[in-house]
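This report refers to the structure that appears directly beneath it.
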């Protein structure tokens, strides 16, 4: 699997799933979309649609994580963490493939 989810991020995902009362079998979809100030943007969301040919799925700390194969090329080795500090709160991406990132950390150039 190209993406690693930290325990802290997994706990936050589980909290959101419980809070939003998502359907049984909902999983976290991690991907890349075109756009953003650096060329690509990270995407995180919940989904129930899984395609065995186009997606890969793994259980990380009790969270089902799915990445489509095109996004996996850009996300190989990426760690998704959750930061909860006084100045900001949210998911962070540490991507070794990013040549350049924007200041907000939500877009990158590969």
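The values are calculated or read from the model by the stated rules, or taken from the named source; none is laboratory data. As the structure is a computational prediction, the values presented were derived from the model and not from experiment. Every residue, glycine as well, gets a Cβ built from its backbone with ideal geometry; the counts of neighbours run over all protein chains shown.
If you check 51, 55, which single one turns out to be out of contact with any helix residue (DSSP H, G or I) (no Cβ under 9 Å at 6 or more places or on another chain) and either crowded, with 16+ Cβ neighbours inside 10 Å or farther than 21 Å from residue 96 by Cα (or both)? After applying the criteria, what remains is 51. Return the residues of the stretch 3-25 that are more than 10 Å from residue 63 (Cβ to Cβ) and surrounded by 18 or more Cβ atoms within 10 Å (Cβ to Cβ); say none if nothing qualifies. Listed by number, the list holds a single entry, 3. Counting only residues that are surrounded by fewer than 18 Cβ atoms within 10 Å (Cβ to Cβ) and more than 19 Å from residue 9 (Cα to Cα), which one in the stretch 75-100 is modelled with the highest pLDDT? If we take residues in the stretch 75-100 being surrounded by fewer than 18 Cβ atoms within 10 Å (Cβ to Cβ) and more than 19 Å from residue 9 (Cα to Cα), then 97 is modelled with the highest pLDDT.
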